[in-house]
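Structure first, commentary second.
What follows is calculated from the coordinates using simple rules that are stated; it is not laboratory data. Remember, predicted model here, so these are calculated numbers, not experimental data. Virtual Cβ from ideal backbone geometry, glycine too; neighbours counted across all protein chains shown.
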Amino acid sequence: MNANFWPIIVPAVFLVGISGCVSAPTLDANKIRAWSKSLESEYPERNAVIAHYQKGGFEVFYLAAQHTVDLGSDTLNLVAELFKRFEFNVLLIEPFPYSYGESPQWFVDDAEKGKNNKFIPGGESSLAAILASQKNIPFFGGEPSHKDMYLGLKDRGYSDEDIFGFYVVRQIPSWIRDKEDTEGLLERKAPQFLSFYYQAFDSATRPTLPDITKWYRTKLGRELGPDVSNEEVAPLSDGNLLTQKISSDVGNIRDHFTLALIEKMLKEHKRIAVIYGASHFVTLRKSLDSGLGTPTFIEDVTRLVIH
């Protein structure tokens, strides 16, 4: 054997051994930030983008979405391109708890049932679930359980009326996005919505819709109706409204849970995709960067935007 062969082959075997032992990145939860108005300037782009992280055999495609139900929109087009152009082994989406388990078929069925050629109720998460199902990619909700969220808010000093009231108020813009008739909206939708959360929270106190309308009038100074704006329930830690402060705490509890789940999924699957609202990317970015480095931003598949 040529004496010069050994210095070439030995380092190669050594490097293979080292690469097989690379541990999953650690993501620093202490770097999670509460959302505030000052963070709006840190959006990577005005449109939806994919933040692509790659380090030591581990890969994250974080699609920072602008929430929409309109097919043909920037966000939903980018969701389709994510599945068409990139490879990943598992998907995390925003709207339901991780405790619901892997790829719940009811979620796919609901998404397909409501979809038409113009919009899809549930927006980017529903479309992603349909595409993941078609490609046999397992998907999970990235949220804490409803009970854990309720207990987390109680630990932060909120009353049952605060919590149930906030949940109803936050849901109203979503009902409007889903094209619900505004006439009698609350009377039609809120009782069943509340009934679900009575069970999910397992709370001793169960505020009714009249209780919540009174709470809203007292805490926010006007009558509750279908004209709730997204700004009213925005997660602003420096906001003036009680609903904004509750939303900020909800977001912070969720971010801690989701970050831990991203870390877990990286360890188990190595290449993962995450589809969440863009504000969550901003609050989580320093934690993601701490373990994965600086991402490449992909606004569409023909153009790379580096930040």
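What order do you get for 124-132, 167-175 when each peptide is scored by the mean count of other beta carbon atoms within 10 Å, highest first?
Top of the packing list down: 124-132, 167-175.
How would segment 76-196 be classified by its alpha-carbon gyration tensor: rounded, prolate or oblate, with rounded meaning a/c under 1.5 and the a/b versus b/c comparison settling the rest?
Taking the square roots of the gyration eigenvalues as a ≥ b ≥ c, segment 76-196 is oblate.
HN-Hα J couplings of segment 94-103 from phi, Karplus 6.51/-1.76/1.60, θ = phi - 60°, integer Hz, Gly and Pro as x?
7, x, 9, x, 4, 5, 6, x, 6, 6
Subtract the Cα-Cα distance of residue 198 and residue 296 from 0.36 nm times their separation in residues, and report this length gain in nm to one decimal.
31.0 nm
Volume per residue, Å³, of the convex hull around the alpha-carbon atoms of the chain?
159
Sticking with the crude label model, points 7 Å out along Cα→Cβ, report the distance from residue 187 to residue 116 in nm, one decimal please.
Using points 7 Å along Cα→Cβ, the separation is 2.6 nm.
Would you please state which residues of segment 226-265 a label at residue 42 would reach in this model, taking the label point 7 Å out along Cα→Cβ and a backbone N cut-off of under 13 Å?
237
Can you tell me, using C-alpha contacts under 8 Å and at least 6 residues apart, the relative contact order of segment 147-251 as a whole percent?
Relative contact order here is 31 percent.
Given 55/267; 37/214; 113/179; 135/267; 55/264, which pairs have Cα atoms separated by over 18 Å?
Result: 37/214; 135/267 exceed 18 Å.
In terms of the Cα gyration tensor, with a ≥ b ≥ c the square roots of its eigenvalues, is segment 31-99 rounded because a/c is under 1.5, prolate because a/b exceeds b/c, or oblate?
rounded
Arrange the peptides 95-105, 271-281 so that the one whose residues have, on average, the most other Cβ atoms within 10 Å appears first.
Descending mean neighbour count gives 271-281, 95-105.
Test of understanding: ordering 62, 158 by Cβ neighbours within 10 Å, fewest first, what list do you get?
158, 62
Which one of 107, 196, 140 has the biggest mean-square fluctuation once the chain is modelled by GNM with Cα springs under 10 Å?
196
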